[in-house]
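Asks: Below is a structure I'd like to ask you about.
The values are calculated or read from the model by the stated rules, or taken from the named source; none is laboratory data. In this text the structure is predicted, and so the values were computed from the model without any measurement. Here the Cβ positions follow ideal geometry from the backbone for every residue, glycine too, while neighbour counts run over all protein chains shown. Please note that ligands, DNA and RNA were not included when accessible areas were found on the heavy atoms of the full protein model with its side chains. Shrake-Rupley method; radii C 1.70, N 1.55, O 1.52, S 1.80 Å.
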Amino acid sequence: MKALIPAAGLATRCLPASKAVPKELFPVFDRPAIQYVVEEIVDAGLDGAVFVTAAGKESVLDHFDFSPRLAMKKSMAPALQKQVDYTSSLIDVISVRQKEAKGLGHAVFSGLAAVGDEPFAVMLPDMIFLSKGKAVFSKMFDAFQQSGASVIALMEVPEEEVSKYGIVEGSIDDSGLFSISSLIEKPLPGATPSRYAIMGRYIFTPTLHSILRHDYRDGSGEMELTDAMTELIKREKLYGLIMDKDDFVFDTGDLKGYALASAFMAAQHHPDFMTQLQKLLEDIRR
Ligand code: UTP
């Protein structure tokens, strides 16, 4: 199974920072945001990644390539050299272009030829997942293998946050998975009884190919991924894997979420980071 990483969006919520630098390359402490999702793919043992990019985003691919300029540098600290070599060897990337930023459904459609006519994963690179136990994607993969059906990650969010996400309705079935009966994109708080939000990790059967291909066959389609999933549940089962309390997601798609993820990773690496930050904040307020 291949993973498709849609990274061709305009990132308007991160402007002006994202004007010339793709948000996928914003450093979350010591590595670009997109490296976390690539490491997730490698850890899950998937067959490779298809990056959907766009004009001006070539540097996203460069990050995972060999760097001739760095190779010319004679002496580099061995630990640093190891990190540089690690990123170049992490994954073989297939790259496709989304010629216009027509939304996530269209980005996935743009990558379909490269994933082949088989089940595939979609992993949003602006969501960084952390788990104390087994990784969420690994649990989704197990669920997919047991059920043979499409599986997406779900997280219960507070009522006031439902309007940021796609929300699903349905019920938990005997397998412990959430059987999805409908999807509502960004509902108003209180408009839906459910607070299960779709969290940027998906495994789809090839039925999703035919749904998107049918919509975009003459170039005029405008199906969003949520619409495609609504169509999918008319034809076959769609399960949600509900994340538990030991699973965490950083949404780096807006600047506050990005800053939070960076601060968290910095604090993980440097135990005195929070104390220093706190002191700075107190000093400046004085
Ligand atoms: P977002 O909804 O976060 O859109 O897309 P965006 O363009 O990145 O950011 P804003 O909302 O303008 O600030 C979720 C993922 O889907 C990709 C994005 O790159 C991101 O990883 N995407 C979105 C595409 O690849 N193409 C698109 O047309 C839209």
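Asks: Could you work out the relative contact order of the stretch 1-157? I mean the mean sequence separation of Cα pairs under 8 Å and 6+ apart, divided by the number of residues, in percent.
Replies: Numbers: 201 pairs, mean separation 53.8, N = 157.
Rounded, it is 34 percent for the stretch 1-157.
Asks: Let me ask something additional. With just the Cα atoms defining each centre, how far is the stretch 1-76 from the stretch 265-284? Give it in Å.
Replies: With the stretch 1-76 and the stretch 265-284 each reduced to a Cα centre, they are spaced 27 Å.
Asks: While we're here: Given the Cα-Cα distance of GLU156 and ALA101 and 0.36 nm per residue of separation, how much length would full extension add, in nm? Numbers along the way, then the final one.
Replies: Working: separation 55, 0.36 × 55 = 19.80 nm, distance 2.91 nm.
The GLU156-ALA101 span can extend by a further 16.9 nm.
Asks: Of all the accessible heavy-atom surface of the chain, with the other protein chains kept in place and a 1.4 Å probe, what percent is carbon and sulfur?
Replies: Numbers: 8220 of 14980 Å².
Taking all protein chains in place, the chain shows 55 percent carbon and sulfur surface.
Asks: Cut-off under 24 Å on the C-alpha distance; same-chain residues fewer than 8 positions from LYS139 excluded. Which lysines are left, in chain and number order?
Replies: Output for LYS139: LYS2, LYS237, LYS245.
Asks: Determine the calculated [θ] at 222 nm for the chain from helices alone, applying -39500 (n - 2.57) to every DSSP H run no shorter than 4 residues and normalising by the residue count; nearest 500 deg cm²/dmol. Show your work: numbers first, answer last.
Replies: On the way: 10 runs with 105 residues, N = 286.
Computed ellipticity for the chain at 222 nm equals -11000 deg cm²/dmol.
Asks: Is the shape of the stretch 205-279 best called rounded, prolate or oblate, per the rule: a/c under 1.5 gives rounded, else a/b larger than b/c gives prolate, else oblate, with a ≥ b ≥ c the square roots of the Cα gyration tensor eigenvalues?
Replies: Numbers: a/c = 4.93, a/b = 2.51, b/c = 1.97.
Prolate, since a/c reaches 1.5 and a/b exceeds b/c.
Asks: Test of the criteria: in the stretch 223-268, which GluC sites (Glu not before Pro) are in a DSSP loop and have at most 12 other Cβ atoms within 10 angstrom of their Cβ?
Replies: Values: sites: GLU224, GLU231, GLU236; in loops: GLU224, GLU236.
Filter output for the stretch 223-268: GLU236.
Asks: Cβ under 11 Å from THR226's Cβ, THR226 left aside: what net charge do those residues give with Lys, Arg +1 and Asp, Glu -1?
Replies: Working: positive: LYS186; negative: GLU185, GLU224, ASP227, GLU231.
Counting the neighbours of THR226, the net charge comes to -3.
Asks: May I ask you to list the aspartates and glutamates whose Cα is less than 16 Å away from that of LYS164, ignoring any residue fewer than eight positions away on the same chain?
Replies: Leaving aside aspartates and glutamates fewer than 8 places away in the same chain, those within reach of LYS164 are ASP126, GLU156, GLU185, GLU224, ASP251, ASP254.
Asks: Same structure, new question: Less than 12 Å Cβ to Cβ from MET243, Lys/Arg counted +1 and Asp/Glu -1: what total charge do the surrounding residues give?
Replies: On the way: positive: LYS132, LYS134, LYS139, ARG201, LYS245; negative: GLU156, ASP244, ASP246, ASP247.
With Lys, Arg at +1 and Asp, Glu at -1, the net is +1.
Asks: Using all alpha carbons of the stretch 1-107, what is the percent of pairwise distances in each 5 Å bin, ordered from the shortest bin to the longest?
Replies: P(r) for the stretch 1-107, in whole percents per bin: 2, 11, 20, 23, 20, 13, 7, 2, 1, 0.
Asks: Keeping all protein chains in place, calculate the accessible area per residue for the stretch 199-286 (probe 1.4 angstrom), answer in Å².
Replies: Counting only protein heavy atoms, the per-residue value for the stretch 199-286 is 58 Å².
Asks: Express the accessible area of the stretch 43-136 per residue in Å², computed with a 1.4 Å probe while the remaining protein chains stay in the model. Can you show the working numbers first?
Replies: Working: 5230 Å² over 94 residues.
Each residue of the stretch 43-136 exposes 56 Å² on average to a 1.4 Å probe.
Asks: Related question: Can you give the local net charge around ILE211? Use residues other than it whose beta-carbon is closer than 14 angstrom to its beta-carbon, Lys and Arg +1, Asp and Glu -1. Write down the numbers at each step before the final one.
Replies: Numbers: positive: ARG213, ARG217, LYS234, ARG235; negative: ASP117, ASP215, GLU222, GLU224, ASP227, GLU231, GLU236.
Every neighbour counted, the sum reads -3.
Asks: Still on this structure, I have one more. If a/c stays under 1.5 just call it rounded; otherwise compare a/b with b/c (prolate if a/b is bigger, oblate if not). Do that for the stretch 137-228, with a ≥ b ≥ c from the square roots of the Cα gyration tensor eigenvalues. Before the final figure, lay out each step's value.
Replies: Values: a/c = 2.22, a/b = 1.14, b/c = 1.95.
Cα axes put the stretch 137-228 in the oblate bin.
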